[in-house]
Each structure stands twice: as C-alpha cells, then as structure tokens.
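Accompanying notes for the structure given below.
The values are calculated or read from the model by the stated rules, or taken from the named source; none is laboratory data. Because the structure is predicted, anything quoted here is derived from the model rather than measured. Here the Cβ positions follow ideal geometry from the backbone for every residue, glycine too, while neighbour counts run over all protein chains shown.
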Amino acid sequence: MAERAEPVVQDEAETDGHDEARRARWLATGTGALLTLAGTAAALLRLTGTAPALVPAAYATGAAVCAAAALLGTRGRTRRALWLLIAGTMIMALGDQFD
C-alpha cells in the first residue's frame, strides 16, 4: 500500500530568509537605478555648464559604477552591489569637489 507523502512545510525562518534576500535584491537594484539616473542627469547638467571637463566625467563614471551595482543587485550579489554603490557615490562626490 502506498503511503501518502505529507506536504513539506517550510519553517518561518526559511521564508523570512527568502523575503529578506528578495528585499535586499530589490533595494540594491532600485538604489543603483536611482543613483544611475541622478548621476547621468548631473553629468548632463554639468556638461552644458561652465564646469571643467573632469566634473561631468566623474558624474558619468559614478553613474556607470552605480549601474553595475544595480546589475549585480538583480543577480543577488547584494554585498558587492553595496560596495559599488558606495564607490559610485564617492566618485560623484569627488567630481563635485572639482567644481
């Protein structure tokens, strides 16, 4: 006689871990996209002004680094994405210092 298999119930710790990982991916992706848009907009605004060429280049480079962080965030590499977000923001802030 065949035994009926009981449904597998995940304990609450596993489901919370999956939810936290999903939230971390969305947060890294969203923050990276937002900083990418902000850096690109700042680079375009500084490009049309009288700022030295290094300023829009720094903003564009920082935006590219943040875009890479958003890409890593979608793939679940949230720690690396966090460090890239920090680096991209620092690059943009450094570029702002040259203005």
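Restricting to region 28-42, name every residue that is crowded, with 22+ Cβ neighbours inside 10 Å and more than 10 Å from Gly88 (Cβ to Cβ).
Result: Ala28, single match.
For region 19-52, name all the residues that are among the aliphatic types (A, V, I, L, M), at pLDDT 90 or above and more than 20 Å from the chain's Cα centre (by Cα).
Listed by number, the residues that qualify are Leu44, Leu45, Leu47.
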